[in-house]
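> Sharing a structure below in structure tokens format, with a few things to ask.
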Amino acid sequence: MEALVLHVPARPVRLLVDVQSLQGQSRNRGLGRYTRDLATALIRQSPGQSTHLDFNVSPLASLDPALGFTAQGTFRSPAAWWAPSGGPHGQADVRRAAIVNQEFVKLAARDYDAVLFASVMEGLMGGDLLVSLPNNRRGLDGILCAAVLYDLIPLLYPERYLDPEPEVRRWYEGKVRFLKECDLLLAISEATKADAVTHLGIPPHRIVVIGAGAAPIFVPSRRQDDPALSRVASRLGITRPFVLTAGAPEWRKNLPGVLAAFASLPDRLRDAFQLVAVTQMPSDDVEFWTQTMVNTGAPADGLIVTGRISDAALAELYRHCALFVFPSLYEGFGLPLLEAIRCGAPVLGSDTSSMPEIVVRKDCLFDPSDLNSMAERIAFALDHPAWRAEVASGQMVATQHFTWETAAAQTLTAIETAVDETRARRQSRTRARQGLAVVMPGGQNEASLLPPAEDLLRYLGRSFAIRWFDPTGSSQRSERDDSRWERVTGYADESLSGASLVVYELDDDPIRHLGVLRNLLQSQGMVILHSTSLARLAHAAQGVAARPRGLQPRSGWVRRRTMRGPTEVGGGDGPDGDSRRLLSHILDHADGVVVESDYSRSRLEALVPGLDVPIAVIPTVVLPSQSSMARQGSTRAGADGVTCGFAVGLVIAEPLSE
């Protein structure tokens, strides 16, 4: 007999991605770029449009990103009602945020299996309060909550980010609490995962590293005399080879560090190269650093601050810079490093946090807090153009695995796996809460091929709280008894009425199964029927089967049917007629029947016409040590088959079907 394989494929995961980080203050930062590119890749890889994007429909939120996605896939947005603006941190804004939050939760809980928050660190200032990101899981208990984790920098440097503003600290701590409540965190680097494990106490198995990628625009130049560069250079005032750096005007980006390092270079290098900083810097700071360089002997045009520029212009600068330097003190990933590498630039970076995951060559790293270390690396690179070419080529190869397609695939796999595991745990907990009464004889009849009752119970005990009623057993525990069930001997009487599920095992052995039959006629349940010929059991039962006692209704598996009388069943007198009438009464009390073969099923349907009981066919596997026939090599199924106990457990857990 072929092995029976029971497999229920998981249904596609319906995913809602909250991308409001594209609409607030983060949209022009690296975080917004990450959200945009990851969401685009997720839509492309999601089968059957199972991934939707959620945008904020507030008049104060930019809808340009939403319009940009309409050509790529579908997105859903919560219905929202807006109170008049109350200004930054006004009560109207708070009420508005609460309304959106409620609508978002209702939408997610109704239509989706999982929610992915592209950034939970939104909604701190002014209009950003309108984002519909919850601060807790209230209302989202039924679905999986996942969040992209970029970094924990404010937690690592509280004196810089949290201590000066108590309100900011309270806001950030609320977001951290929500991160801890998420079922799954998608870290953008190994360094970020390590920080979450160390500082948030989150188990490593709940964090998956998905990495990042570079947008398609960041590719090497195909020609040396690119006219696009000429236009960018002319507009910005670039007149000679240049060193490029980039970063927001904040402390950890360490732009003053690279400016000071460049200012300390030998005169010949400062005369030959300009420093181009892609950042927004106050005019007073620009004047200060320009004057600082001039005071050290550098040309007056030695520093160029670009202000905000387009991705296209940034890509041209990456492609044609002599060197890209990224001096950040701490990063969650370091997206500018990857973008520059993809454009063919040789890259130097800090040796902290996640940056060595991208810049893998040790001679391309420096200590960002050490001005001399940074200046020495820059000077060496500028003095050795062949080395720069070698570095650029090697870094391009070393970062091939960082793509948005890979990040999206890892994201979907992690979410689908977590959803399946959550479903399994929830189903297991639900089953474990259900009480299962099993009525069957203990031990094994040596004349039978049936496995011992304890083998079946051992499988069922993985999912149910079991009370085993053994009508033939003694009160003494057997050596095969197990702590996963409670054993009760003798007739169950009224005890079965409190069970959520009842399973009976029946065979044509009056000594072992007459007590089982009496219990079945008292309280119906699912029947494991090992034989359709019950003449001996019918003879022993005498009038028991003809006078069924009152049923004890239970919730769950009870199937109410009209009882058939002896004349409706037919079959005449004699053993066959007795067996047929007994089968009729058994089926009237059965919520479902498990038989061992298709032949048994067809015979059962022939013996009891008009049968409306669901039937499952599950072969019984008998291992060689379990019977004399098996020892002679005549087994009912091979050792690779599914054991009866395990298969019956699956049938009990799910409704029987035709």
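The values are calculated or read from the model by the stated rules, or taken from the named source; none is laboratory data. From a predicted model like this one, the values you see are computed outputs, not experimental measurements. Backbone-built Cβ (ideal geometry, glycine too); neighbour counts: all protein chains shown. Just so you know, the surface numbers come from the protein's heavy atoms only, side chains and all, with ligands and any DNA or RNA stripped out. Shrake-Rupley method; radii C 1.70, N 1.55, O 1.52, S 1.80 Å.
> With each label point set 7 Å from Cα along the Cα-Cβ vector, what nm distance links R240 and R44?
Here the answer is 4.2 nm between the modelled labels.
> Need the full-extension length gain, E486 to E165, defined as separation in residues times 0.36 nm minus the C-alpha distance. One decimal, nm.
109.6 nm
> Mind computing the radius of gyration and Dmax over the alpha-carbon atoms of region 281-332? Å is fine for both.
When restricted to the Cα atoms of region 281-332, Rg and Dmax are 13.4, 37 Å.
> Just subtract the alpha-carbon distance of A540 and S221 from 0.36 nm times their residue separation and send over the number in nm, one decimal.
The span from A540 to S221 would gain 105.6 nm if fully extended.
> So what's region 287-409 giving for Rg/Rh, alpha carbon basis, Kirkwood Rh from the mean inverse pair distance?
Rounded to two decimals, Rg over Rh is 0.98.
> Just need log10 I(q)/I(0) for region 221-329 at q = 0.11, 0.13, 0.17 Å⁻¹, Debye formula, equal scatterers on the alpha-carbon atoms, no solvent, rounded to two decimals.
At q = 0.11, 0.13, 0.17 Å⁻¹ the computed log10 ratios are -0.32, -0.45, -0.78.
> S264: accessible area at probe 1.4 Å, nearest 10 Å²?
70
> Two decimals is fine: what is log10 I(q)/I(0) at q = 0.27, 0.31, 0.35 Å⁻¹ for region 503-543, from a Debye sum with one equal scatterer on every Cα and no solvent?
Those come out to -0.95, -1.18, -1.31, one per q.
> Let me ask something else about it. What does the extension gain come out to for S230 and Y157, with contour length at 0.36 nm per residue minus their alpha carbon separation?
Here the segment from S230 to Y157 would lengthen by 22.1 nm.
> Rounded to a whole number, what % of the accessible area of region 304-380 do carbon and sulfur atoms account for, probe 1.4 Å?
49
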